[in-house]
Structure formats: C-alpha cells, structure tokens
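Asker: First, the structure itself, so that you have it in front of you.
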2 protein chains.
Amino acid sequence: MAGKVLPRAVWCLLLVLVSCHAYKYKTYFMTQRVDHFSFANDDTFLQRFLISDEHWDKNGGPIFFYAGNEGDITLFAENTGFMWDIAPEFKAMVVFGEHRYYGISEPYGNRSLTVPKYSGYLTSEQALEDYVALISYLRFVIEGAQTSPVIVFGGSYGGMLAAWFRIKYPHIVQGAIAASAPVRQFTDFTPLINTVTANDEGLAWLSKTWKLCKPLKSKADVKTLKDYLMDVWTNLAMVDYPYPANFLAPLPAYPVKVVCSHLTDSSLDGKDLLEELFAGLTVYFNYTGESKCLDADQQADARLDDQGWDFQSCTEMVMPFCYDGVKDFFEPAPWDFQDYSANCQKTWGVIPRTYMVPLMYGGWSFKAASNIVFSNGLLDPWSTGGVLWNVSQSVVAVIIPEGAHHLDLRSANPADPPSVVEARRLEKAHITKWIQEFKQLKE
Amino acid sequence: MAGKVLPRAVWCLLLVLVSCHAYKYKTYFMTQRVDHFSFANDDTFLQRFLISDEHWDKNGGPIFFYAGNEGDITLFAENTGFMWDIAPEFKAMVVFGEHRYYGISEPYGNRSLTVPKYSGYLTSEQALEDYVALISYLRFVIEGAQTSPVIVFGGSYGGMLAAWFRIKYPHIVQGAIAASAPVRQFTDFTPLINTVTANDEGLAWLSKTWKLCKPLKSKADVKTLKDYLMDVWTNLAMVDYPYPANFLAPLPAYPVKVVCSHLTDSSLDGKDLLEELFAGLTVYFNYTGESKCLDADQQADARLDDQGWDFQSCTEMVMPFCYDGVKDFFEPAPWDFQDYSANCQKTWGVIPRTYMVPLMYGGWSFKAASNIVFSNGLLDPWSTGGVLWNVSQSVVAVIIPEGAHHLDLRSANPADPPSVVEARRLEKAHITKWIQEFKQLKE
C-alpha cells in the first residue's frame with residue numbers, strides 16, 4: 001500500500017524530474033467571444049492553448065484535450081503526465097486549453113475580476129463553449145484532424161468540465177476521463193487556536209513560534225491563519241501522492257504520514273500541541289527549506305488562481321459546506337446561505353445562483369449520458385462528492401482506494417500503488433473503445 | 001388518401017370548431033432572467049405560460065410541455081390538439097411556455113427588438129433555459145408534481161427546441177416529440193411578374209387585377225409582392241391539411257389542390273396566367289370572403305412574429321437557402337452569405353454566427369441522444385431538412401407521407417389520413433415507454 005522507503009537522494013532526484021517541466025509543447029492563442037450565448041456583447045479575447053503533435057498520427061489520430069480549470073494551464077500540462085504517457089501508443093495530439101479568466105486568458109486584462117460587467121462571463125458554460133470553438137477550429141485548420149476523435153481529460157473542477165463537456169456536446173467529444181470530479185463539501189478547524197490567541201500575549205507567542213511572516217494583530221488575522229490551516233489540511237489530503245511531487249506545494253511522498261508523524265503523542269495539549277503542529281506544518285510550507293517564514297496569505301501555487309475560483313464559488317459553483325466537529329475535526333459551522341450570499345454581493349457584486357449547476361448539468365442524474373469515466377481516489381477528501389458507482393455500461397466509476405486527488409492523471413511512477421495502475425489500464429481500455437466506436441460510425 | 005368530399009356546411013362547422021378556442025387553460029407569468037449564462041446582466045422579465053390541470057393525476061401524473069416557438073403562445077395552444085386529445089388518457093397536466101421575445105413575453109417591452117443591447121438575448125439557448133427554470137419551478141411549487149415525468153412537444157422551430165431540450169437537458173425532460181423540425185431550406189419565384197411590371201402600365205395593371213391594397217410603385221414594391229408570394233406557396237404546402245383549418249390563414253381542406261385547380265391550363269401565358277394565379281391566390285388570402293384587398297405586407301397570422309424570427313435568422317438560425325429554378329419553381333438565387341450578413345448588420349446590428357447551431361446542438365449527429373421522436377410529413381417543404389431515418393432505438397423517425405407541416409400535432413380529425421393516425425399511435429407508445437422508464441428509475 002505505502003511506497004517503499006527510498007534513500008533521500010533518490011526522492012530528490014525524482015522530485016527534480018517531476019518538477020522540471022519535462023514536457024514539450026507549443027503555445028498558441030485563439031480569439032474567443034466573451035459571450036457565446038447572446039448577441040448583446042461583441043467583445044473578444046485571446047485564449048491560450050498548448051499543443052504537442054510529437055506523437056500524432058497526422059491521418060486522423062485522436063486529440064487528447066485537457067479541459068483547463070482554475071489556474072495557469074502550464075501547471076496542468078506539467079501535472080497531467082497520464083496524457084503525455086499514453087499519447088505515443090495512441091498516436092495522439094495533446095492539447096491543453098486554458099480556462100478563461102485564469103493564467104493569461106483574461107478577457108478584460110486586469111479589470112477582468114473587478115465588476116460583473118467584466119467578471120460576469122466567468123462561467124463553466126462559457127468556458128465549455130471556448131473549448132467547443134477551440135476544438136472545432138483545430139479540426140478545421142489542422143490537416144488530418146478533420147475526422148480526429150477527441151477525448152477530453154480533466155481533474156477536480158477540470159474533471160467536472162470534462163464530464164459536462166461530454167454530456168452537453170457528445171457530437172464534439174467522443175469520451176471523457178473525469179478524475180476526482182466532486183460536486184460538494186469543504187472544511188474548518190479546532191478551537192485550540194482561538195483559546196491561545198484570546199489575548200495579546202498569545203497572539204505574539206503564536207506569531208513567533210509559528211514563524212509567521214505577518215504577526216497576528218487581530219481576530220481577522222487569526223481567521224486568516226485558520227483559513228490557511230484549513231486549506232493546508234485539505235490540500236495535504238488532496239496531494240497525498242506516493243512519491244515526492246510539486247503540485248500544490250513541494251512535498252515528500254505520502255505527506256499526510258510525514259505531517260502526522262509529528263502528531264503521534266495524544267497526551268500533548270495547549271502550546272505543546274501547537275508547537276508540534278508547527279513541526280508538521282513545516283513539511284507543507286517549507287519542505288524545500290527555502291521559506292524564511294510562514295505566509296498565511298499565500299496560496300498553494302501562484303498559478304492556481306484563488307480569486308477566480310472565489311468568484312465562481314459566488315456565482316454558479318455554490319457548494320454547501322458544513323462542519324460539525326464530530327464527523328470532521330473542524331469547528332462546527334452550519335451552512336448559512338444568507339451570509340454566504342451577502343458576502344458574495346459585498347465582494348463581487350453578484351448573487352449566487354444555487355441551482356444553476358444541477359439544473360444545467362444534471363447533478364446526479366447521468367442516466368442519459370454516455371462515455372464517461374469518473375475516477376476517484378479514496379484518500380482524497382473530494383471523493384465524497386464524486387460519482388462512486390457505475391451509472392451505466394458507458395458511464396462508469398473507477399475507484400482508487402490508495403489514491404489522492406486525481407493521482408491517476410499523473411505520470412506513471414515506480415511508487416504507484418497497484419490500484420492506480422489498474423485505474424489507468426481501465427481508462428485506456430475505455431478510450432480505445434470510444435475511438436473504435438467513433439471510427440466505425442464514420443465508416 | 002385524399003379526404004372524402006363533405007358538404008360545404010360540414011366543412012364550415014368543422015372550421016368553426018377548430019378555430020373557436022375550444023381548449024381551456026389558465027394564464028400565468030413567471031419572472032425569468034434575461035441572461036441565464038452570465039452574471040453581467042441582472043435584468044428580469046415576465047414569461048407567459050398556460051396551464052390546464054383538468055385531467056392531471058395530482059399524484060405524480062406526467063407534464064406535457066409545449067416548447068413555444070416564434071409566436072403568441074395561444075396560437076400554438078389552439079393548434080396543438082394532439083396534446084389536448086391525449087392528456088386525459090395519460091392524466092397529464094398540459095403546459096404551454098411562451099418563447100421569449102414573442103407574444104407578450106417581451107424582455108424589454110417595445111424596445112425588445114431595437115438594438116443588440118436589448119435584442120441580443122433572443123436565442124434558442126436562453127429560451128431553453130427559460131423552459132428549464134419554468135419546469136423546475138412548476139415541479140417545486142405544484143404539490144404532486146415533484147416526481148412528474150415531463151414530455152416536451154414542439155412543431156417546426158418548436159420541434160427543434162423540443163429535440164434540443166431533450167439533448168441538452170435529459171435530466172429535466174424525459175422525452176421529446178419533435179414534429180416537422182427542419183434544419184435548412186427556403187424558396188423564390190418566377191420571372192413573369194418581373195416582365196409584366198417592367199413598366200408603369202404593367203405595375204398599374206397588376207395592382208388593379210390583383211386587388212392590391214397598396215398599388216405597386218417601384219421595384220421594391222414588386223420585391224415585397226414576390227416575397228409575399230414565396231411565403232404563400234411555402235405556407236400553402238406547410239398547411240396542406242386534409243380538413244379546413246386556420247393555422248397560418250383560414251383555408252379549405254387540401255388547399256394546395258384548391259389553389260392548383262385554377263392553374264390546370266398549361267397553355268396560359270402572360271397576363272392570362274397572372275389572372276388565373278390571382279384566382280388561386282384568393283383561396284389563400286380571402287377564403288373567408290372578408291378581405292377587401294390583397295395586403296402583401298401582411299404576415300400569415302399576426303400572432304406569428306416575423307420580426308423576431310428575422311432577428312433569429314440573422315443571429316443563430318442561419319439556414320443557407322438557394323434556388324436554381326430547375327429543381328424548384330423559383331427565381332435562381334445562389335446562397336450569398338456576405339450579402340446576407342451585410343443585411344443583418346444593417347437591419348439588426350448583428351453578425352450571424354453560421355456554426356452556432358450545429359456546434360451547440362450537434363446538427364445531424366444525434367447518436368448520443370435518446371428518447372426523441374422526429375416526425376415529418378412529406379407534403380411539407382420543410383421535411384427535406386428533417387431527420388427521416390432512425391438514429392437509434394430511442395431516437396426514431398416517423399414519416400407521414402400524406403402529412404403537411406406537423407399535422408400529427410393537430411387534433412384528431414375524421415379526414416385524417418391513416419398515416420397520421422399511425423404516427424400518433426407510435427408517438428403515444430414512445431411517450432408511454434419514456435414515462436415507464438422514468439418511474440422505474442425513481443423506484
């Protein structure tokens with residue numbers, strides 16, 4: 001189950017290999033409409049996309065398309081090794097499309113997320129239409145691509161996009177690998193920090209002990225720190241990969257184990273516990289030893305755009321979260337839509353549309369869909385929001401008990417547990433079938 | 001094949017029955033977003049819908065929903081007798097949704113079609129989202145409707161909407177009856193009128209002989225008259241029903257035959273031919289004997305909105321038409337998109353998006369769809385643009401050789417040819433199957 005313990009030097013070498021941008025692609029831009037669904041706004045913008053045709057069969061070989069999600073597309077190109085690994089045997093062209101409003105595909109430059117007049121076109125529907133236009137354009141202009149089957153890949157929100165792409169546009173994409181595509185749930189944290197930081201002395205103590213870049217001055221600072229911790233725990237579980245990797249942060253193999261190794265003494269309490277917690281935290285924020293202090297304002301990877309996702313959470317990606325401190329280890333917090341909505345109005349000038357996604361894409365009812373693999377790793381906290389059972393013969397669930405957040409989309413690795421090897425084998429078998437069906441249809 | 005000849009009095013009685021608004025319904029309004037796909041425009045408007053629950057099984061009986069097309073929804077309620085005929089045996093609720101920008105469902109009042117800022121939201125995608133919201137609302141507020149299966153019906157553009165509704169939202173509607181849903185083609189007319197109206201004497205002669213409300217003064221007037229004639233021939237073929245009806249105009253049974261009975265002498269030429277043609281035309285514009293003159297500016301039925309449809313043709317409903325005067329009897333006119341687009345920009349301030357519909361809905365590739373009946377009458381000129389063969393076991397074609405434009409959606413009539421009786425039987429069988437499948441899924 002767990003990876004074999006390798007000498008530290010080997011890990012480091014692996015870490016370098018994984019993070020050294022080994023994949024070669026060309027970068028292009030395509031003019032896209034800001035509004036695909038109406039005729040009231042004629043604005044256009046440039047969408048970035050990456051292409052590698054190194055292994056492509058120029059006579060109708062398949063196109064592997066990654067449906068970019070909330071971040072710089074190069075991040076996903078570097079962390080979706082599965083597509084690169086299998087492109088040669090499928091003789092596939094590999095294409096990564098950047099999601100509008102992320103990376104450098106900003107419709108209105110640095111005004112893009114200021115007011116609804118500009119930000120309002122950041123929706124999954126518009127993003128999917130960008131991908132439809134992009135793929136149609138590629139099929140039109142690239143000689144030999146006219147009859148290419150297209151398989152769409154995506155992880156996390158990108159996995160939702162991949163599944164929705166096939167559901168809404170089965171005439172454009174022939175099948176979807178939707179890895180770790182969730183539809184709900186999140187997290188919060190314990191009252192210990194509240195107790196310690198109830199007075200100025202505690203605030204100062206924690207700021208110093210935890211080497212905070214910005215000392216705690218107020219309740220708001222404490223809230224920011226707790227939010228950061230929530231993200232850390234969630235992120236750690238998401239990227240609990242069996243080998244060192246650098247997706248959300250540079251981390252050792254099975255980072256949850258490494259972090260928890262500092263938290264084995266259940267007799268610890270108060271400041272002692274917080275000190276040990278910090279030792280664990282260091283694994284996350286300073287595995288490379290290069291961080292001088294803990295910056296609670298910093299996001300996981302600068303290429304993941306928290307701003308854009310926050311806007312999406314305030315518009316259509318409304319996922320009700322609640323914590324009870326019993327079934328989870330976070331502070332109790334019931335779901336309060338009124339409060340949530342008020343914050344969205346204050347921050348973004350928008351009112352969330354709670355039912356937009358389930359009405360648009362069908363929530364749990366995928367009976368009428370076809371050709372989708374929903375994969376989920378059970379180490380991943382998001383898996384509780386995933387599709388964990390077969391819906392039909394062609395809409396299937398692949399479970400990876402030892403897998404973290406879309407581990408299957410990553411490059412093959414000697415430390416991979418057998419379950420992810422099997423998951424990838426199943427996914428390849430489905431891709432082969434989709435391509436064959438499409439070719440038979442064309443004949 | 002042809003209807004039995006009945007005494008004129010019987011026809012008139014039937015005509016009265018058909019046109020006297022025999023169906024009872026209540027009228028409601030629902031607040032809808034102008035823009036369902038983005039967050040840049042918060043405007044809302046009132047959409048009209050009609051409901052009859054006279055025969056509805058209040059414990060989960062099905063909802064029969066008509067996807068309103070380009071006109072006042074009451075027109076479609078009165079001319080879709082099939083839904084009313086079969087509602088009792090299915091214990092169905094009958095709902096007619098008015099299409100945005102038609103009838104009285106105008107988002108911006110009388111400014112709605114002025115400039116793209118207001119008109120730009122008249123698209124099929126937005127209209128379908130109105131229907132999604134409306135059906136979800138009904139299921140939510142009407143006690144007993146929470147688990148009601150929904151079958152969507154539509155004719156012509158409404159038929160396209162019905163099919164697309166099932167394709168895009170299979171989690172909302174369980175099946176679609178898409179009658180006479182075309183995707184291409186139109187028409188133009190012979191050079192005789194050009195010859196006769198080449199001088200002022202001819203213009204005056206034709207104006208008098210054809211009893212034109214507005215005498216011909218210019219080439220533009222002649223163009224208007226020819227466009228009117230093109231519509232007449234097309235409309236006559238569309239409503240070539242086996243009994244008197246009042247859909248596009250009050251007409252006798254098999255009006256094409258009646259009109260053509262004036263055009264049997266192939267030796268006629270020049271003005272003689274135009275005189276006889278007028279006798280035939282009279283059947284169309286003055287079957288009731290109440291018209292004092294021929295108004296070439298008048299549209300078929302004031303409740304069908306030519307303005308709105310013209311806008312839609314200039315945006316996403318781009319159907320390339322060409323005539324060669326050989327395979328058709330119209331003036332040769334090749335398809336000229338440049339010219340077409342220039343006219344759209346001049347009239348509406350918009351540039352047509354040629355590939356919007358095929359990219360959005362899939363054109364001919366309905367392999368991934370399910371639960372759709374595409375019906376077509378072969379007397380209908382639009383049938384050439386319809387789906388005339390079975391796509392799969394659940395996406396099927398129903399052909400009505402003796403049928404005009406969505407004859408099957410009309411009320412049963414003693415003069416119905418057997419083929420339409422059989423078509424309705426098949427449609428009912430499919431509806432029954434869809435409802436059963438849905439109930440099994442829920443159990």
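Asker: Any residue that is within 11 Å of chain A (Cβ to nearest Cβ) and either at pLDDT 95 or above or under 26 Å from residue A:358 (Cα atoms) (or both) - is there at least one of those in segment B:140-148?
Answerer: For segment B:140-148, residues within 11 Å of chain A (Cβ to nearest Cβ) and either at pLDDT 95 or above or under 26 Å from residue A:358 (Cα atoms) (or both): present.
Asker: A further question follows. Is at least one residue of segment B:31-39 surrounded by fewer than 22 Cβ atoms within 10 Å (Cβ to Cβ), farther than 25 Å from residue B:306 by Cβ and within 11 Å of chain A (Cβ to nearest Cβ)?
Answerer: Checked against the condition, which is being surrounded by fewer than 22 Cβ atoms within 10 Å (Cβ to Cβ), farther than 25 Å from residue B:306 by Cβ and within 11 Å of chain A (Cβ to nearest Cβ), segment B:31-39 yields at least one hit.
Asker: Hey, among the residues in segment B:332-375 that are of a type in the set (Val, Ile, Thr), within 30 Å of residue B:113 (Cα to Cα) and open to solvent by less than 40 Å² (accessible area, probe 1.4 Å), which one's nearest to the other protein chains (Cβ to nearest Cβ)?
Answerer: Applying the filter and picking the extreme gives B:350.
Asker: Something else now. Let me spell it out: the conditions are (1) closer than 30 Å to residue A:393 by Cα; (2) modelled with pLDDT under 85; (3) of a type in the set (Val, Ile, Thr), and residue B:373 meets all of them except one. Which number is the exception?
Answerer: It is condition (2) that residue B:373 fails.
Asker: Cβ-Cβ under 6 Å, sequence separation 6+ or interchain: first residue in segment B:105-126 and at the interface with chain A (Cβ under 9 Å from one of its Cβ atoms) and under 19 Å from residue B:49 (Cβ atoms), partner open to solvent by 10 Å² or more (accessible area, probe 1.4 Å) and not aliphatic (A, V, I, L, M). Which pairs?
Answerer: Qualifying pairs under 6 Å: B:126/B:36.
Asker: While we're on this one: Considering only residues that are modelled with pLDDT of 80 or more and either open to solvent by 10 Å² or more (accessible area, probe 1.4 Å) or over 14 Å from residue A:237 (Cβ atoms) (or both), which ones fall in segment A:376-386?
Answerer: A:378, A:379
Asker: Here's a check for you: in segment A:159-183, which residue that is over 23 Å from residue A:30 (Cα atoms) and in a loop (DSSP other than H, G, I, E, B) is modelled with the lowest pLDDT?
Answerer: Across segment A:159-183, the extreme among qualifying residues is A:183.
Asker: Here is a list: A:207, A:156. Which entry is modelled with pLDDT of 85 or more and within 18 Å of the chain's Cα centre (by Cα)?
Answerer: A:156
Asker: Got at least one residue in segment A:14-28 being at pLDDT below 95, away from chain B (no Cβ under 14 Å) and touching a Pro at 6+ places or on another chain (Cβ under 6 Å)?
Answerer: Looking for residues that are at pLDDT below 95, away from chain B (no Cβ under 14 Å) and touching a Pro at 6+ places or on another chain (Cβ under 6 Å), one finds at least one in segment A:14-28, hence yes.
Asker: Restricting attention to segment B:358-395, report how many residues are part of a helix (DSSP H, G or I) and among the hydroxyl-bearing types (Ser, Thr, Tyr).
Answerer: So the count comes out to 3.
Asker: Moving on. Testing residue A:71 on (1) surrounded by 21 or more Cβ atoms within 10 Å (Cβ to Cβ); (2) at pLDDT below 95; (3) more than 16 Å from the chain's Cα centre (by Cα), one condition comes back false. Which one is that?
Answerer: Going through (1) surrounded by 21 or more Cβ atoms within 10 Å (Cβ to Cβ); (2) at pLDDT below 95; (3) more than 16 Å from the chain's Cα centre (by Cα) one by one, residue A:71 breaks only (3).
Asker: Right, here's the next one. Any chance segment B:149-166 includes a residue that's farther than 21 Å from residue B:78 by Cβ, open to solvent by 20 Å² or more (accessible area, probe 1.4 Å) and hydrophobic (A, V, I, L, M, F, W, C)?
Answerer: No, because not a single residue in segment B:149-166 is farther than 21 Å from residue B:78 by Cβ, open to solvent by 20 Å² or more (accessible area, probe 1.4 Å) and hydrophobic (A, V, I, L, M, F, W, C).
Asker: Could I ask something else about it? Quick one: residue A:220 ticks every box in (1) in a loop (DSSP other than H, G, I, E, B); (2) surrounded by fewer than 18 Cβ atoms within 10 Å (Cβ to Cβ); (3) modelled with pLDDT of 80 or more bar one, so which box is it?
Answerer: If we test residue A:220 against (1) in a loop (DSSP other than H, G, I, E, B); (2) surrounded by fewer than 18 Cβ atoms within 10 Å (Cβ to Cβ); (3) modelled with pLDDT of 80 or more, just (1) comes out false.
Asker: Continuing with this model, one more query. Is there any pair linking a residue in segment B:130-142 that is surrounded by 22 or more Cβ atoms within 10 Å (Cβ to Cβ) to one that is among the aromatic types (Phe, Trp, Tyr) and in a helix (DSSP H, G or I), with Cβ under 7 Å and at least six apart or on different chains, and which?
Answerer: Matching pairs, first to second residue: B:131/B:165.
Asker: Something else now. Taking residue B:410 and the conditions (1) within 14 Å of another protein chain (Cβ to nearest Cβ); (2) under 19 Å from residue B:69 (Cα atoms), which numbered condition does it fall short on, given that it satisfies the others?
Answerer: Unmet for residue B:410, out of (1) within 14 Å of another protein chain (Cβ to nearest Cβ); (2) under 19 Å from residue B:69 (Cα atoms): (1).
Asker: So which residues in segment A:398-418 are outside any loop (DSSP other than H, G, I, E, B) and open to solvent by 20 Å² or more (accessible area, probe 1.4 Å)?
Answerer: Answer for segment A:398-418, where residues must be outside any loop (DSSP other than H, G, I, E, B) and open to solvent by 20 Å² or more (accessible area, probe 1.4 Å): A:399, A:418.
Asker: Against the definition (in a helix (DSSP H, G or I), open to solvent by 20 Å² or more (accessible area, probe 1.4 Å) and either free of Cβ contacts under 8 Å to residues at least 24 places away in the same chain or under 23 Å from residue A:402 (Cβ atoms) (or both)), how does residue A:271 come out, yes or no?
Answerer: Against the criterion (in a helix (DSSP H, G or I), open to solvent by 20 Å² or more (accessible area, probe 1.4 Å) and either free of Cβ contacts under 8 Å to residues at least 24 places away in the same chain or under 23 Å from residue A:402 (Cβ atoms) (or both)), residue A:271 does not qualify.
Asker: Examine segment A:96-105 for a residue that is basic (Lys, Arg) and at negative phi, and state whether such a residue exists.
Answerer: Scanning segment A:96-105, I find at least one residue that is basic (Lys, Arg) and at negative phi, so the answer is yes.
The values are calculated or read from the model by the stated rules, or taken from the named source; none is laboratory data. Since the structure is predicted, the reported quantities are computational estimates derived from the model, not experimental observations. All Cβ positions, even for glycine, are placed from backbone atoms using ideal geometry, and neighbour counts span all protein chains on display. Protein only, heavy atoms only, side chains kept; ligands, DNA and RNA dropped before computing areas. Shrake-Rupley method; radii C 1.70, N 1.55, O 1.52, S 1.80 Å.
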